[in-house]
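For reference, the structure discussed in these notes is given below.
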Amino acid sequence: MSHSRPPALKRYGQNHLVDTGTLQAIVALAAVRPDDVVLEVGAADGALTRRLLDRAALVYAFEIDRRFTTALEGLAAERENLRLHFGDALREPLDRLDPPPTALVANLAYNIAIPLIMTMLGDLPTVRRYAVMLQKELADRLFAAPRTKPYSAVSVLVQLACEAGPRRVVPRTVFVPPPRVDSAFVTFARRDEWPADHWPALKVLVRTAFGQRRKLLLNSLSGAAHGGGAPRARAGGGRAPRARAHNPPARPGVRNPPPRAAFADEIGWL
């Protein structure tokens with residue numbers, strides 16, 4: 001298929017994974033099960049899609065670039081367990097897919113990766129497992145530890161909802177065209193217990209804190225707590241008066257608190 005692949009379009013953030021060995025490795029890392037309903041975003045010409053179809057009960061393949069219509073429709077004619085969707089996955093009602101997806105496996109365009117993951121965490125609770133290709137810098141943010149440069153609102157929210165799994169650093173040389181940065185294929189799974197009922201308000205609260213990450217939490221969180229956009233957190237959360245979002249406190253007797261616990265204290269989860 002690669003010989004007829006149309007040139008990548010910058011507006012879609014396209015970097016096509018073309019190395020067979022890497023494709024095989026990430027499919028194995030994704031650990032797709034025979035009963036999985038897989039959501040793939042950015043199917044392109046179906047290089048990853050074919051391998052997912054061999055393992056999953058059903059694959060929903062989304063592609064925004066209509067130049068891949070012929071290749072994907074040809075694949076759909078061969079495989080009964082493929083459902084094609086042409087359009088922007090961020091604008092589609094993914095929660096209406098029937099049967100609902102249980103896993104996300106995708107080589108995500110860098111410009112949609114974080115918005116898609118954050119949307120799915122809140123809107124698609126049936127998706128229990130995530131296996132995605134990301135820019136390495138973004139991948140590092142997902143499970144970054146407190147007091148490190150990558151630690152951010154995304155780190156807090158993803159770690160509240162999910163547990164980290166295996167990952168693989170992927171060099172830029174296996175893509176066409178090669179991106180300017182290295183990538184990482186990361187896997188993570190939704191926790192059995194996570195703050196689903198409070199997720200919308202929690203996102204507002206965490207993003208407010210990190211939107212002003214150099215500002216004292218006592219000031220930035222009190223605005224969110226009293227503005228009606230987030231649950232009323234304890235003002236300061238029992239923290240030192242000069243604490244900031246990017247610098248959560250150590251607990252007595254705990255040298256390096258786990259990231260999930262560190263910020264949860266501010267909002268009364270632990």
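Table for the structure above
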item: Meets criteria (surrounded by 15 or more Cβ atoms within 10 Å (Cβ to Cβ) and of a type in the set (Ser, Thr, Tyr)) for Thr20; result: no
item: Among the candidates Ala106, Ala139, residue that is out of contact with any Ser or Thr (no Cβ under 8 Å at 6 or more places or on another chain), modelled with pLDDT of 95 or more and hydrophobic (A, V, I, L, M, F, W, C); result: Ala106
item: Flag if Phe62 is of a type in the set (Phe, Trp, Tyr), assigned to a helix (DSSP H, G or I) and in contact (Cβ under 8 Å) with a residue 12 or more places away in the chain; result: no
item: Arg147 basic (Lys, Arg), in contact with a Pro (Cβ under 8 Å, 6 or more places away or on another chain) and at pLDDT below 95; result: yes
item: Region 8-35, subset touching a Lys or Arg at 6+ places or on another chain (Cβ under 9 Å) and outside any helix (DSSP H, G or I), residue modelled with the lowest pLDDT; result: Leu9
item: Pairs with Cβ under 8 Å, 6+ apart, first in region 20-41 and in the same structural domain as Ser183 (by TED's automatic domain parsing) and over 26 Å from Arg91 (Cα atoms), second at pLDDT 95 or above and hydroxyl-bearing (Ser, Thr, Tyr); result: Leu29/Thr187; Ala31/Thr187; Asp35/Thr102
item: Counted residues, region 26-64 - those being within 22 Å of Pro166 (Cα to Cα), of a type in the set (Asp, Glu) and surrounded by fewer than 24 Cβ atoms within 10 Å (Cβ to Cβ); result: 3
item: Single match in Val127, Val132 (criterion: among the β-branched types (Val, Ile, Thr) and part of a strand (DSSP E or B)); result: Val132
item: Odd one out for Ala106 among (1) touching a helix residue (DSSP H, G or I) at 6+ places or on another chain (Cβ under 7 Å); (2) crowded, with 19+ Cβ neighbours inside 10 Å; (3) assigned to a strand (DSSP E or B); result: (1)
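So that you can scan it fast, the table gives a plain yes or no per residue for (1) within 17 Å of Gly42 (Cα to Cα); (2) at pLDDT 95 or above:
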{"site": "Glu80", "(1), (2)": "no, yes"}
{"site": "Pro99", "(1), (2)": "no, yes"}
{"site": "Asn111", "(1), (2)": "yes, no"}
{"site": "Thr119", "(1), (2)": "yes, no"}
{"site": "Gly122", "(1), (2)": "no, no"}
{"site": "Thr126", "(1), (2)": "no, yes"}
{"site": "Arg129", "(1), (2)": "no, yes"}
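The values are calculated or read from the model by the stated rules, or taken from the named source; none is laboratory data. What you see is a predicted model; the values in this text were computed from it and never measured. Note that each Cβ is placed from the backbone with ideal geometry, even for glycine, and that neighbours are counted across all protein chains shown.
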